[in-house]
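S.K.: Below you'll find the structure I mean.
The values are calculated or read from the model by the stated rules, or taken from the named source; none is laboratory data. Keep in mind it's a predicted model, so treat the numbers as computed, not measured. Heads up, the Cβs are rebuilt from the backbone with ideal geometry, glycines too, and the neighbour counts pull from every protein chain shown. Ligands, DNA and RNA are excluded from the accessible area calculation, which covers all protein heavy atoms including side chains. Shrake-Rupley method; radii C 1.70, N 1.55, O 1.52, S 1.80 Å.
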Amino acid sequence: MRDVLTGLAILLILALTAALAGPYFVDWGAQRGRIAERLTALVGAPVEIAGDIRVRLLPEPHLDLGEIRVGHPDGPTLSADRLALEMAVTPLLRGEIRIVEAVLE
């Protein structure tokens with residue numbers, strides 16, 4: 001029984017380590033189109049991301065976007081130097097995105 005619990009503890013530690021360090025090894029710039037597409041669906045207007053993209057999973061999932069523009073090119077647009085989004089954990093595990101807090105600078 002002790003060996004099983006020790007194995008589970010090791011797996012938990014490895015999973016938390018992967019969640020903490022994993023986002024630093026992903027090229028989020030290559031995912032720019034997918035992120036902009038998901039944000040466009042959430043906002044209902046075209047989203048363009050020109051700056052850096054940073055993702056953090058622990059302690060809460062965060063998405064930091066630099067130089068973002070929302071709106072149609074021929075109409076009114078909203079431009080920001082930074083957009084920081086905090087997402088809810090439980091819907092994210094189901095593949096859904098629910099924004100808990102958003103900071104626009």
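S.K.: Using Cα pairs under 8 angstrom and six or more residues apart, how large is the relative contact order of the chain, in percent?
M.R.: Contact order relative to length: 17 percent.
S.K.: Could I ask something else about it? Specify the angular offset, from 0 to 90 degrees and rounded to the nearest 10, of the alpha carbon long axis of helix 2-21 from the longest principal axis of the alpha carbons in the chain.
M.R.: For 2-21 against the chain, the angle is about 20 degrees.
S.K.: Among ARG34, ARG56, ARG82, whose mean-square fluctuation peaks in a Gaussian network model of the chain (Cα, cutoff 10 Å)?
M.R.: Top of the fluctuation ranking is ARG34.
S.K.: A further question on this structure: With a 1.4 Å probe and every protein chain left in place, tell me how much accessible area ASP52 has, in Å² to the nearest 10.
M.R.: Number for this one is 100 Å².
S.K.: Looking only at GLY29, GLY66, GLY75, which one moves most when the chain is put into a Gaussian network model with springs between Cα atoms under 10 Å?
M.R.: In the Gaussian network model the winner is GLY75.
S.K.: Could you state the angle between the C-alpha long axis of helix 32-43 and the longest principal axis of the C-alpha atoms of the chain, as a value from 0 to 90 degrees rounded to the nearest 10?
M.R.: With rounding to tens, the tilt is 70 degrees.
S.K.: Contour minus end-to-end for THR90 and ALA45, with contour as 0.36 nm per residue of separation and end-to-end as the Cα-Cα distance?
M.R.: Computed gain between THR90 and ALA45 is 13.6 nm.
S.K.: Select one label from (i) 19.5, 56; (ii) 17.2, 66; (iii) 13.0, 39: the one whose number is Rg and Dmax of the Cα atoms in Å as derived from the coordinates shown.
M.R.: Step by step, Rg and Dmax of the Cα atoms in Å for this structure corresponds to label (ii).
S.K.: Using helices alone, what [θ] at 222 nm do you get for the chain, with -39,500 (n - 2.57) per DSSP H run of 4 or more residues, divided over all residues and rounded to the nearest 500?
M.R.: Taken over the chain, the calculation gives -11000 deg cm²/dmol.
S.K.: Accessible area per residue for region 1-73 in Å², computed with a 1.4 Å probe and the full protein assembly in place, what is it?
M.R.: About 71 Å² of surface per residue is accessible.
S.K.: What FRET efficiency comes out for PHE25 versus VAL103 if R0 is 35 angstrom and r is the Cβ-Cβ distance? Round to the nearest 0.05.
M.R.: 0.85
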